[in-house]
């Protein structure tokens, strides 16, 4: 017992998160493997269960089975719990529970919590945790109420409320896992394209879940006074709105008579375009058949998925702030400025290095994994890249190749999903151990770049 306690004490903040998420994946995968979790009352292969729970925890939404037709109520509830824990973080729940006891919350727990929610500082982290959980409950219950208007007339009261709760949690946590197989297996949201209340509710839940807890705090504290927002919140909102406008315009110009051809009416097409673009940046809900998209749209969605959502949100990807820092770096080079500035603030050099590191790491992981899967499974590179970027950014959109992947490729996708949930920078820190902060005394030498 002493050795076990010493082992946990020796873990760093990030290693604690990785260990906790790993245990949650394995325990929930074991539960899904049991006959009680499937409608056929049969065992489900463990590797498929690990894939499913990793997808649920990371908020990816890639699935090997239709969630409604394959999993029993028990199995669906296991998946729903994993989605919820993955969305707000198990450390948020642990700190919240400890705050109601007499046990003191130590510096390590506070630091781990800060790492879990990507907070800028450790001060007030317990208050932030309560704010996150309170906001989560309010938003998810509101979403359940609105979605019940759609589901209850079609499914009855009990099933309708359950379906509404499941989709509200899945949307807010940007998981993209659905029970729409009740209407048509593997249909995602394509059977609900004519319902405005359903699609708008899902879109709002995805947006709230994807902008990050710090942005919530700014909106609650400063209301419409945009100038008072943190620099991070300003960048998140501006880039999110910009991507939304670009995405909808592209869908209208390129897919109006293509992937949107089955949608009736101009207003409905604009609604579905809006939902698809929003989902393409954070979750795997799709109101259209992704395999029918034109190459230009596929490339745009890959780009949106790669960027992802905001730090401290339920979404993944390299994050919009990382993208913003990279763009601002390019701008500063063009303007021959020594510092990177935005909205009257200077961005420190460490942030720039971290942004470069995260972007490079994600590009390397996507490239290497795409080469391996394409070679092993003999698949075209574009759908493979789409699948991998969807996995690493925890989006869940797919061109339909998920069920065609070999066991080895599925294992690679599982690792990539876990990597995306932890985050590139956190993953590096967890492996690197203690770092030297001393300044190098080695002689400097310039090299040519570009």
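The values are calculated or read from the model by the stated rules, or taken from the named source; none is laboratory data. Keep in mind that this is a model prediction, so the values were computed, not measured. As a convention, Cβ positions derive from the backbone with ideal geometry for all residues, glycine included, and neighbour counts pool all protein chains shown.
Select from the stretch 164-190 the residues that are in a helix (DSSP H, G or I), within 14 Å of residue 147 (Cβ to Cβ) and either modelled with pLDDT under 90 or within 23 Å of the chain's Cα centre (by Cα) (or both) and list them in ascending order.
164, 165, 166, 167, 168, 169, 170, 171, 172, 180
State which residue pairs qualify: first residue surrounded by fewer than 23 Cβ atoms within 10 Å (Cβ to Cβ) and inside the stretch 16-28, second residue modelled with pLDDT under 85 and not in a helix (DSSP H, G or I) in any location, beta carbons under 8 Å apart, and separation of 6 or more residues or different chains.
19/11
Conditions first: (1) crowded, with 17+ Cβ neighbours inside 10 Å; (2) part of a helix (DSSP H, G or I); (3) at pLDDT 90 or above; (4) in contact with a helix residue (DSSP H, G or I) (Cβ under 6 Å, 6 or more places away or on another chain). Residue 197 passes all but one, so which condition is the exception?
Of the numbered conditions (1) crowded, with 17+ Cβ neighbours inside 10 Å; (2) part of a helix (DSSP H, G or I); (3) at pLDDT 90 or above; (4) in contact with a helix residue (DSSP H, G or I) (Cβ under 6 Å, 6 or more places away or on another chain), the odd one out for residue 197 is (1).
Within the stretch 294-308, work out how many residues are in a loop (DSSP other than H, G, I, E, B) and crowded, with 23+ Cβ neighbours inside 10 Å.
Residues that pass the stated criteria total 1.
Taking the options 261, 284, name whichever one is outside any helix (DSSP H, G or I) and either under 16 Å from the mean Cα position of the chain (by Cα) or closer than 16 Å to residue 206 by Cβ (or both).
284 is the lone residue from the list that is outside any helix (DSSP H, G or I) and either under 16 Å from the mean Cα position of the chain (by Cα) or closer than 16 Å to residue 206 by Cβ (or both).
Which numbered condition in (1) surrounded by fewer than 20 Cβ atoms within 10 Å (Cβ to Cβ); (2) in contact (Cβ under 8 Å) with a residue 12 or more places away in the chain; (3) in contact with a helix residue (DSSP H, G or I) (Cβ under 7 Å, 6 or more places away or on another chain); (4) under 20 Å from residue 262 (Cβ atoms) is the only one that residue 187 fails?
Every condition holds for residue 187 apart from (2).
Residue check, residue 336 against (1) in a helix (DSSP H, G or I); (2) farther than 27 Å from residue 166 by Cβ, all met but one. Which one?
Of (1) in a helix (DSSP H, G or I); (2) farther than 27 Å from residue 166 by Cβ, only one is false for residue 336: (1).
Take the stretch 351-389 and flag every residue that is outside any helix (DSSP H, G or I) and either closer than 15 Å to residue 420 by Cα or touching a residue at least 24 places away in the same chain (Cβ under 8 Å) (or both).
Of everything in the stretch 351-389, just one residue is outside any helix (DSSP H, G or I) and either closer than 15 Å to residue 420 by Cα or touching a residue at least 24 places away in the same chain (Cβ under 8 Å) (or both), namely 379.
Hey, among the residues in the stretch 217-229 that are in contact with a helix residue (DSSP H, G or I) (Cβ under 6 Å, 6 or more places away or on another chain) and surrounded by 15 or more Cβ atoms within 10 Å (Cβ to Cβ), which one's farthest from residue 323 (Cα to Cα)?
Checked the stretch 217-229; the qualifying residue farthest from residue 323 (Cα to Cα) is 218.
Scan the stretch 129-150 and give yes if some residue there is part of a helix (DSSP H, G or I), at pLDDT below 95 and farther than 29 Å from residue 197 by Cα, otherwise no.
Checking the stretch 129-150: at least one residue is part of a helix (DSSP H, G or I), at pLDDT below 95 and farther than 29 Å from residue 197 by Cα.
Looking at 41, 22, which is the one that is modelled with pLDDT of 80 or more and assigned to a helix (DSSP H, G or I)?
Going through 41, 22 in turn, just one is modelled with pLDDT of 80 or more and assigned to a helix (DSSP H, G or I): 22.
Specify which of the listed residues (252, 277, 241) is over 24 Å from the mean Cα position of the chain (by Cα), closer than 27 Å to residue 177 by Cα, in a helix (DSSP H, G or I) and modelled with pLDDT of 90 or more.
Going through 252, 277, 241 in turn, just one is over 24 Å from the mean Cα position of the chain (by Cα), closer than 27 Å to residue 177 by Cα, in a helix (DSSP H, G or I) and modelled with pLDDT of 90 or more: 252.
Test residue 427 against the criterion of being in a helix (DSSP H, G or I), at pLDDT 90 or above and touching a helix residue (DSSP H, G or I) at 6+ places or on another chain (Cβ under 9 Å), and give yes or no.
Taking the combined requirement at face value, the residue does not satisfy it.
Within the bounds of the stretch 407-414, is there any residue that is within 22 Å of residue 173 (Cα to Cα) and at pLDDT 90 or above?
Checking the stretch 407-414: at least one residue is within 22 Å of residue 173 (Cα to Cα) and at pLDDT 90 or above.
Test residue 26 against the stated conditions and say whether it is closer than 24 Å to residue 420 by Cα and in contact with a helix residue (DSSP H, G or I) (Cβ under 7 Å, 6 or more places away or on another chain).
For residue 26, the condition - closer than 24 Å to residue 420 by Cα and in contact with a helix residue (DSSP H, G or I) (Cβ under 7 Å, 6 or more places away or on another chain) - is not met.
Can you tell me which residues in the stretch 147-158 are surrounded by fewer than 18 Cβ atoms within 10 Å (Cβ to Cβ) and either touching a helix residue (DSSP H, G or I) at 6+ places or on another chain (Cβ under 6 Å) or within 18 Å of residue 201 (Cβ to Cβ) (or both)?
149, 152, 153, 154
If you go through the stretch 29-65 one residue at a time, how many are buried (at least 24 other Cβ atoms within 10 Å of the Cβ), farther than 19 Å from residue 167 by Cβ and in contact (Cβ under 8 Å) with a residue 60 or more places away in the chain?
Summing the residues that are buried (at least 24 other Cβ atoms within 10 Å of the Cβ), farther than 19 Å from residue 167 by Cβ and in contact (Cβ under 8 Å) with a residue 60 or more places away in the chain in the stretch 29-65 gives 2.
Take residue 274 and tell me if it is surrounded by fewer than 19 Cβ atoms within 10 Å (Cβ to Cβ) and within 17 Å of residue 305 (Cα to Cα).
So residue 274 passes the test.
Under 6 Å by Cβ, and 6 or more places apart or on different chains, what pairs join a residue from the stretch 146-175 that is more than 22 Å from residue 86 (Cα to Cα) with one that is modelled with pLDDT under 95 and part of a loop (DSSP other than H, G, I, E, B)?
Note: pairs meeting the criteria are 150/195.
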